[in-house]
Amino acid sequence: MRSHYCGQVDESLLDQEITLCGWVNRRRDHGGVIFIDLRDREGLVQVVFDPDRAEVFATAERVRNEYVLQVKGRVRRRPTGTTNDNLHSGQVEVLGLELTVLNAAETPPFQLDETGVGEEKRLTYRYIDLRRPEMQQRLQLRAKATGFMRRYLEENGFLDIETPMLTKATPEGARDYLVPSRTHPGSFFALPQSPQLFKQLLMMSGMDRYYQFARCFRDEDLRADRQPEFTQLDIETSFMHEEQIMGMVEAMIRDMFKTLLSVELPTQFPHMTYAEAMFRFGSDKPDLRIPLEFVDVSDLMKAVEFKVFAAPAKDPDSRVVALRLPNGSDLSRKEIDDYTAFVARYGAKGLAYIKINDLSAGLDGLQSPILKFLPEEVVKGILERTGAQTGDLIFFGADKAKVVNDAIGALRIKLGHDRQLLTSEWAALWVVDFPMFEWDEKEKRWAALHHPFTAPKCTPEELAANPGEALSIAYDMVLNGTEVGGGSVRIHRPEMQSAVFSLLGISAEEAEEKFGFLLNALKYGCPPHGGLAFGLDRLIMLMTGSQSIRDVMAFPKTQTAACPLTDAPAPVGMRQLRELNIRVKLPEKTSA
């Protein structure tokens, strides 16, 4: 039906007759000459209709925005002074010779260039929202990125293998989406949270190198970078050490950024241990573009009488940190109050600070409501340790380590953006040496920090003797403060897997019931193997500069895991429920 895309028309086609198809982006009537900006996924081109062709002109008069047209015309130069350097087709226009209305359109619920349209409305009419140029560009980049990664992996010997969508519920991680079985009454499949066990089984099957763009499902609370269903690039390989795995996928990401974005990432991503990342930045995914760091001052605060600082300084599960903001003494009281309210969202009970108005004046050059509680030698120690200069401001966090890390870590990011402190556009790193376990205070048991199939850096006996100190052979790729990929070397010996299950409180009987197929497979010659998975949606979100993964997914769900477009989830009929041997009992409504 067409010979060219609208956005590809340029001077190379001068004086040629072409056929275009697309949507009316805008129609203008200028004193007897009609201009139509015709749009398709590649961009816009201006089509001109003059009254010399009465029938064609009459049709052009009837069209409105979002009509679907077929246009046959001749490419010519735009008149002097009317070119548009912002368009690929901006030096030319198409003289319309024939015009066919392929479909009319009602007035859309919003215009494509309209601002302030709520997300609910955009998702309800997603097929219209996706016509916006920025949405078209995002999804095109997504397609180019997946194509690039497919080619890269296949050139490196990886096989694209599908794993099941209907599988078994897992005891770890987020809630499963359950699927009732009609043929096995009372039993349920689960949609996969990841293909983890199947890709390990593929390594045991001798496939050696596997990849898959896998759909994954997690019934958990949502936020900007999470969805109930999402896509990850899943990779697994045999007979490779963690450094080899990291090096290979790092090269893939570096090459992809250079090819698709003309961005030169470092020739080797820096490595940082989990312990160092938490100590310096309060986060296992630090944004290294922001040149602010925690300075631990717990030792300086142990002897002060000010309990707000002294109590956490003496508590081994707490910490006291300082965060120096260069040239921050110009912050107003209101701005500091706003930052205090901000850290309160993360559990902080307050936000102490010291302004350094004149370092040479000693204590007289400082301004803070907490100075009266701190001995002079402590204040001097803080100034020396933080490297404070005249004009700086020092914020403090003092509480349980998790509260301090979360609150001051978030403050660090916010200050970096608010004060425009970013030192580069991109910063990548690997975070390594994660703890094997973290203690669940509520459940009073150990929980796997990554997943229970991650290999530790010790023997089963050492693991059992000191689980809290055990490190895992795990690694996360972090880009601009976002974890875009994570993986590990897997356990490949049955005795180690049993030891990990035991520490997690999974009995031998429960392990056999839920993971018997894996434990059995480990007995029959399992190779050393490892891999990782990239969160594709997060990665594309960063590459396109979007604020949410919903902006780079064709048909995402809302924050409440609903689809306004299809009105899902929705009730089903009694007949279908009876076939599945299911009876629905809704929660009772409570009186107001």
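A compact table of results
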item	result
Number of the condition not met by Gly118 [criteria: (1) under 23 Å from the mean Cα position of the chain (by Cα); (2) in contact (Cβ under 8 Å) with a residue 12 or more places away in the chain; (3) under 19 Å from Thr558 (Cα atoms)]	(2)
Extreme residue, surrounded by the most Cβ atoms within 10 Å (Cβ to Cβ), among residues of segment 487-502 that are free of Cβ contacts under 8 Å to residues at least 60 places away in the same chain and of a type in the set (D, E, K, R)	Arg493
Which listed residue, of Pro571, Pro556, is part of a loop (DSSP other than H, G, I, E, B), more than 20 Å from Ser187 (Cα to Cα) and without any contact (Cβ under 8 Å) to a residue 40 or more places away in the chain	Pro571
In segment 488-510, the residues that are of a type in the set (Val, Ile, Thr) and closer than 18 Å to Phe434 by Cβ	Val489, Ile491, Val500
Within segment 5-21, tally of residues that are under 11 Å from Lys72 (Cβ atoms) and either of a type in the set (Asp, Glu) or part of a loop (DSSP other than H, G, I, E, B) (or both)	1
In segment 346-374, residue farthest from Leu292 (Cα to Cα) [restricted to those that are of a type outside the set (Phe, Trp, Tyr) and touching a residue at least 60 places away in the same chain (Cβ under 8 Å)]	Leu374
Set Ser3, Ser12: member being touching a Ser or Thr at 6+ places or on another chain (Cβ under 7 Å), of a type outside the set (Val, Ile, Thr) and farther than 19 Å from Thr82 by Cβ	Ser3
Residue count for segment 69-90, restricted to those that are surrounded by 16 or more Cβ atoms within 10 Å (Cβ to Cβ) and either aliphatic (A, V, I, L, M) or in contact (Cβ under 8 Å) with a residue 60 or more places away in the chain (or both)	7
Pair list, Cβ under 8 Å, 6 or more apart: segment 457-469 residue free of Cβ contacts under 8 Å to residues at least 60 places away in the same chain, other residue charged (D, E, K, R)	Lys457/Asp433; Pro460/Glu495
Members of segment 145-164 found to be surrounded by 15 or more Cβ atoms within 10 Å (Cβ to Cβ) and either under 19 Å from Phe230 (Cβ atoms) or not assigned by TED's automatic domain parsing to the domain that holds Phe198 (or both), listed by number	Ala145, Thr146, Met149, Arg150, Thr163
Selection within segment 509-529 - among the hydrophobic types (A, V, I, L, M, F, W, C) and not in a helix (DSSP H, G or I)	Cys526
Failed item, numbered, when Glu469 is tested on (1) over 23 Å from the mean Cα position of the chain (by Cα); (2) among the acidic types (Asp, Glu); (3) within 19 Å of Asp234 (Cβ to Cβ)	(3)
Per-region count, segment 196-213, residues within 21 Å of Leu536 (Cα to Cα) and in contact with a helix residue (DSSP H, G or I) (Cβ under 9 Å, 6 or more places away or on another chain)	7
One residue from Leu411, Leu479, Leu463 being surrounded by 20 or more Cβ atoms within 10 Å (Cβ to Cβ), touching a Leu at 6+ places or on another chain (Cβ under 8 Å) and not assigned by TED's automatic domain parsing to the domain that holds Asp234	Leu411
One residue from Gln111, Gln46 being without any contact (Cβ under 8 Å) to a residue 60 or more places away in the chain, buried (at least 16 other Cβ atoms within 10 Å of the Cβ), within 38 Å of the chain's Cα centre (by Cα) and not assigned by TED's automatic domain parsing to the domain that holds Gln140	Gln46
Residue that is surrounded by the most Cβ atoms within 10 Å (Cβ to Cβ) [pool: residues in segment 553-568 that are farther than 13 Å from Asp129 by Cβ and either of a type in the set (A, V, I, L, M, F, W, C) or touching a Cys at 6+ places or on another chain (Cβ under 8 Å) (or both)]	Lys557
Residues (surrounded by 19 or more Cβ atoms within 10 Å (Cβ to Cβ), within 21 Å of Lys144 (Cβ to Cβ) and acidic (Asp, Glu)) located in segment 227-265	Asp234, Glu250
Matching option when the condition is closer than 25 Å to Asp219 by Cβ, within 30 Å of the chain's Cα centre (by Cα) and touching a residue at least 60 places away in the same chain (Cβ under 8 Å), among Gly531, Gly505	Gly531
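To keep it simple, each residue is scored yes or no on (1) closer than 27 Å to Phe239 by Cα; (2) modelled with pLDDT of 95 or more; (3) part of a loop (DSSP other than H, G, I, E, B).
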residue	(1), (2), (3)
Gln136	no, yes, no
Leu141	no, yes, no
Lys144	no, yes, no
Gly147	yes, yes, no
Arg150	yes, yes, no
Leu153	yes, yes, no
Pro164	yes, yes, yes
Ala169	no, no, yes
Gly173	no, no, yes
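The values are calculated or read from the model by the stated rules, or taken from the named source; none is laboratory data. Treat the numbers as computed from the prediction; the structure is a model and nothing was measured. Cβ: placed from backbone, ideal geometry, glycine included. Neighbour counts: every protein chain shown.
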